[in-house]
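As structure tokens, the structure follows; a few thoughts come after it.
The values are calculated or read from the model by the stated rules, or taken from the named source; none is laboratory data. Everything quoted here is computed from the prediction, not taken from an experiment. All Cβ positions, glycine included, derive from the backbone under ideal geometry; neighbour counts span all protein chains shown.
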Amino acid sequence: MSIVVQNLRRTFGTFQALRGINLEIADHQLVALLGPSGSGKTTLLRIIGGLDFPDSGQGSVVINEEDVTDRPAAERKAGFVFQHYALFNHLSVFENVAFGLEVRPQKIRPGKDAIRDRVLELLRLVQLQGLEQRLPSELSGGQRQRVALARALAIDPKVLLLDEPFGALDAKVRKDLRRWLRAFHREIGVTTIFVTHDQQEALELADVVVVMNQGQIEQIGSPQQVYDHPATPFVYEFLGDVNKVRKPGRPDLFYVRPHEVRILFAGDAAAELHATIEHLFAAGPSARLTLRLQESRETLDADITRQQLEEMGLSEGDEVGIHLALSRS
Amino acid sequence: MSVQTRSTQDPLWTRVLLIGCAVGFLAVFLFVPLALVFAEAFRKGIKVYADAVTEANTLSAIYLTLTVALVSVPLNAVFGVGASWAIAKFSFKGKSLLLSLIDLPFAVSPVVSGLVWVLLFGARGLFGPWLREHDLQIIFAAPGMILATVFVTFPFVARELIPLMQAQGNDQEYAALSLGASGWQTFRRVTLPNIKWALFYGIILCNARAMGEFGAVSVVSGHIRGETNTLPLHVEVLYNEYNSAAAFACASILSVLGLLTLALKTFIEWRVGLRRQKH
Ligand SMILES: Nc1ncnc2c1ncn2[C@@H]1O[C@H](COP(=O)(O)OP(=O)(O)O)[C@@H](O)[C@H]1O
Ligand SMILES: [Mg+2]
């Protein structure tokens, strides 16, 4: 289902956590809310889910063409997965997943058998069959995460809201679960927003990346758009490595990604700048050079292929020429 | 763990001395007096004990004590849960003031806690004339004693629950709400199970104090034998009349109550310990 957020503001005391958020999300999309800690991602997600509300009269939330701004969470059918899962510790995995069905008013509550079938089906979907009698405390982090997801899915949510879904997991599990979530989203097709402060995660997983900073949206776009065409200096710096350099005789600052720095022999006529290789690190198919610019004494990172490294026979202390392949200011 | 490392580091004599001191102190100040209470109660034989315990005024004191506890403990349980809920789960102006107010009964002397009610509802109190016109008696009657007891014992439940509920946060409640649960369902199915042992613990402590309270109740009671004496007040009356066998017999009932409280408290701590190990 589509989600439209307009002019949303949220103030805590005197602190403006959200300062005028406008966002449109089309049906079936997997959207990443990306931004540094404290930028207002969780607050925005909670307001969309009905767990928090905008300042009175300041903004609206529309889900599936229906204005839900003042509706409580229970009426929104938004599946919410909390950063630390918030599983019910005293209930088994089965009871956790069944919760959303059990609390329905009698008229629309499914029968015992129907609930059982649905819960087991969901547990199969998140690959936790056989664990239904365990308590949350008897599960690993990744398993808890998937119980939380199954629990949220039990209410047939119109949208899925995930707050830092992989935040508390170790790197390996994180990677597996990331891939799994991508496939999972393709399978169920529910409009999904997930919060993350990890740019890699956002770029790899999302159809649309929403970059937030200090309670505002800096840019909305596909991963490629936000990475290749950052709208603001903040986005440039937040997404991927970036060098800030000045060319000689020009006052403006250039943003250059390490792979956009072309390394030439020191005597090459195309060289715009000259530098010394301070540090060289080669692992995998590419090599990372840390360069000290001769003109301004600033440092600059450059990524080149291993092949180029070997062909040019570079080592630490060498002098090289530099051409900035794709310079923007 | 830390106990083990300590015990292997400290020399034996230090340990023996420290443990000996602790046990000796407990023996002198706790076990001996407790044992004396029972010894004194049964000194003149079981018959005298039974007579003292079943005497009309004693029975009336037991009845009044139970009534006072039965009314004030549930009131304070409800109040304690409500106040802890408000303090732990919401932020609002005057929160720290409310926190201090909850501790007030611990801070002021029980006599003052009793006098407050006399000032409000006594014959010459603020509402005294109005009460007399309507033929209502609060002071020197059960309602006053209940008020005084409620006031003195209201911190017990809240004090147990607030730190726990603050530590638990409200994510689980929010999860329940987003899954479609109503406020009441959320409380019943999520909040209550999470606090039940702490709540039970608070209620036991509250009950022990409600049945054992002396000072505040003494001020509002009026000491009418067979009518407005609770068990602790009754013990004092008997003792002042040099009827020590009966006084100690009644005191032994209160002591049994104390031991029962202790046993329940230990049981709860053991249960909670088990749960911690499992988690
Ligand atoms: N309930 C609250 N009370 C006061 N300040 C809050 C509250 N919730 C969030 N904030 C503040 O709002 C800002 C944004 O918070 P949050 O949305 O959690 O950021 P993020 O999820 O991007 O890290 C933070 O500075 C945080 O301290
Ligand atoms: Mg957050």
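Kindly provide the set of residues from segment A:13-43 that are of a type in the set (A, V, I, L, M) and near ligand 1 (Cβ under 7 Å from one of its atoms), ordered by number.
Within segment A:13-43, just A:Ala17 meets the criteria.
Which condition number does A:Ser2 fail, the rest of (1) within 8 Å of ligand 1 (Cβ to nearest atom); (2) in contact (Cβ under 8 Å) with a residue 60 or more places away in the chain being met?
(1)
Condition check ((1) in contact with a strand residue (DSSP E or B) (Cβ under 6 Å, 6 or more places away or on another chain); (2) not β-branched (Val, Ile, Thr)) across all residues:
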site	(1), (2)
A:Ala152	yes, yes
A:Leu162	yes, yes
A:Pro165	yes, yes
A:His185	yes, yes
A:Thr191	yes, no
A:Val195	yes, no
A:Gln200	no, yes
A:Glu204	no, yes
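Mind listing just one residue for me: the one in segment A:9-51 that is within 16 Å of ligand 2 (Cβ to nearest atom), among the aliphatic types (A, V, I, L, M) and outside any helix (DSSP H, G or I) and, of those, nearest to the other protein chains (Cβ to nearest Cβ)?
A:Leu51
Can you tell me which condition A:Gly79 does not meet? The list is (1) within 11 Å of another protein chain (Cβ to nearest Cβ); (2) more than 30 Å from A:Arg124 (Cα to Cα); (3) among the small types (Gly, Ala, Ser), and all the others hold.
Answer for A:Gly79: the failing condition is (2).
State yes or no: is A:Val119 touching a residue at least 60 places away in the same chain (Cβ under 8 Å) and of a type in the set (Val, Ile, Thr)?
no
Across segment A:145-193, what is the total count of residues that are in contact with a Phe, Trp or Tyr (Cβ under 7 Å, 6 or more places away or on another chain) and either buried (at least 22 other Cβ atoms within 10 Å of the Cβ) or at positive phi (or both)?
8
Taking B:Lys44 as the residue in question, decide whether it is exposed (fewer than 12 other Cβ atoms within 10 Å of the Cβ) and of a type outside the set (A, V, I, L, M).
no
From B:Ala107, B:Ala50, B:Ala56, grab the single residue that is surrounded by 11 or more Cβ atoms within 10 Å (Cβ to Cβ) and not polar (S, T, N, Q).
Residue meeting the stated conditions: B:Ala50.
Out of the residues in segment A:311-326 that are loosely packed, with under 15 Cβ neighbours inside 10 Å and on the phi < 0 side of the Ramachandran plot, which is modelled with the lowest pLDDT?
Top of the filtered list is A:Leu326.
Looking at A:Val119, A:Val209, which one is β-branched (Val, Ile, Thr), over 20 Å from A:Leu91 (Cα atoms) and touching a helix residue (DSSP H, G or I) at 6+ places or on another chain (Cβ under 6 Å)?
Just one listed residue meets the conditions, A:Val209.
Tell me, yes or no, whether segment A:38-46 has at least one residue that is in contact with a helix residue (DSSP H, G or I) (Cβ under 6 Å, 6 or more places away or on another chain) and either under 30 Å from A:Gln143 (Cβ atoms) or surrounded by 14 or more Cβ atoms within 10 Å (Cβ to Cβ) (or both).
Looking for residues that are in contact with a helix residue (DSSP H, G or I) (Cβ under 6 Å, 6 or more places away or on another chain) and either under 30 Å from A:Gln143 (Cβ atoms) or surrounded by 14 or more Cβ atoms within 10 Å (Cβ to Cβ) (or both), one finds none in segment A:38-46, hence no.
Consider B:Ser182 carefully, then state whether it is within 11 Å of chain A (Cβ to nearest Cβ) and touching a strand residue (DSSP E or B) at 6+ places or on another chain (Cβ under 7 Å).
When the stated conditions are applied, B:Ser182 does not pass them.
Of all residues in segment B:143-155 being out of contact with any Asp or Glu (no Cβ under 8 Å at 6 or more places or on another chain) and over 15 Å from B:Ile87 (Cβ atoms), which is surrounded by the most Cβ atoms within 10 Å (Cβ to Cβ)?
B:Met145
Among the numbered criteria (1) surrounded by fewer than 16 Cβ atoms within 10 Å (Cβ to Cβ); (2) among the charged types (D, E, K, R); (3) away from chain B (no Cβ under 11 Å), which one does A:Glu138 miss?
Only one criterion is unmet by A:Glu138, namely (3).
Under the condition of being surrounded by fewer than 20 Cβ atoms within 10 Å (Cβ to Cβ) and assigned to a strand (DSSP E or B), which residue from segment A:52-88 is farthest from ligand 1 (Cβ to nearest atom)?
A:Glu66
Only residues that are assigned to a helix (DSSP H, G or I) and within 30 Å of A:Asp67 (Cβ to Cβ): list them for segment A:123-155, please.
A:Ala148, A:Leu149, A:Ala150, A:Arg151, A:Ala152, A:Leu153
Every residue in segment B:165-179 that is in contact with a helix residue (DSSP H, G or I) (Cβ under 7 Å, 6 or more places away or on another chain), within 13 Å of chain A (Cβ to nearest Cβ) and part of a helix (DSSP H, G or I), please.
B:Gln168, B:Gln172, B:Glu173, B:Ala176, B:Leu177, B:Ser178
Can you give me the ranges of the strands (runs of 3 or more DSSP E) entirely in segment A:192-300 with at least 1 residues that are among the polar types (S, T, N, Q) and out of contact with any Leu (no Cβ under 6 Å at 6 or more places or on another chain)?
Fully inside segment A:192-300 and qualifying: A:208-213, A:216-221, A:273-283, A:286-293.
Name the residues in segment B:185-216 that are in contact (Cβ under 8 Å) with a residue 12 or more places away in the chain, facing chain A (nearest Cβ under 10 Å) and of a type in the set (D, E, K, R), would you?
B:Arg189
Within segment A:270-292, does at least one residue satisfy the condition of being out of contact with any His (no Cβ under 9 Å at 6 or more places or on another chain), more than 14 Å from chain B (Cβ to nearest Cβ), of a type in the set (A, V, I, L, M) and within 16 Å of ligand 2 (Cβ to nearest atom)?
So far as segment A:270-292 goes, no, none of its residues is out of contact with any His (no Cβ under 9 Å at 6 or more places or on another chain), more than 14 Å from chain B (Cβ to nearest Cβ), of a type in the set (A, V, I, L, M) and within 16 Å of ligand 2 (Cβ to nearest atom).
If I go through segment B:124-136 residue by residue, how many of them are surrounded by 12 or more Cβ atoms within 10 Å (Cβ to Cβ) and out of contact with any helix residue (DSSP H, G or I) (no Cβ under 7 Å at 6 or more places or on another chain)?
Residues flagged as surrounded by 12 or more Cβ atoms within 10 Å (Cβ to Cβ) and out of contact with any helix residue (DSSP H, G or I) (no Cβ under 7 Å at 6 or more places or on another chain) within segment B:124-136 amount to 1.
Looking only at residues that are of a type in the set (Gly, Ala, Ser) and in a loop (DSSP other than H, G, I, E, B) in segment A:156-190, which one is nearest to ligand 1 (Cβ to nearest atom)?
A:Gly167
Scan segment B:239-258 for residues that are assigned to a helix (DSSP H, G or I) and without any contact (Cβ under 8 Å) to a residue 24 or more places away in the chain and jot them down.
Matches in segment B:239-258: B:Tyr239, B:Asn240, B:Ala247, B:Val256.
Looking at (1) in a helix (DSSP H, G or I); (2) surrounded by 12 or more Cβ atoms within 10 Å (Cβ to Cβ), which one does B:Phe140 not meet, given that it meets all the others?
(1)
Here's the yes/no breakdown for (1) small (Gly, Ala, Ser); (2) farther than 16 Å from A:Leu91 by Cβ; (3) more than 12 Å from chain B (Cβ to nearest Cβ); (4) within 16 Å of ligand 2 (Cβ to nearest atom):
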residue: A:Arg134; (1), (2), (3), (4): no, no, no, no
residue: A:Val147; (1), (2), (3), (4): no, no, no, no
residue: A:Arg151; (1), (2), (3), (4): no, no, no, no
residue: A:Ala168; (1), (2), (3), (4): yes, yes, yes, yes
residue: A:Leu177; (1), (2), (3), (4): no, yes, yes, no
residue: A:Arg182; (1), (2), (3), (4): no, yes, yes, no
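Check whether at least one residue in segment A:100-108 is within 25 Å of A:Ala168 (Cβ to Cβ), within 13 Å of chain B (Cβ to nearest Cβ) and buried (at least 18 other Cβ atoms within 10 Å of the Cβ), and report yes or no.
Yes, some residue in segment A:100-108 is within 25 Å of A:Ala168 (Cβ to Cβ), within 13 Å of chain B (Cβ to nearest Cβ) and buried (at least 18 other Cβ atoms within 10 Å of the Cβ).
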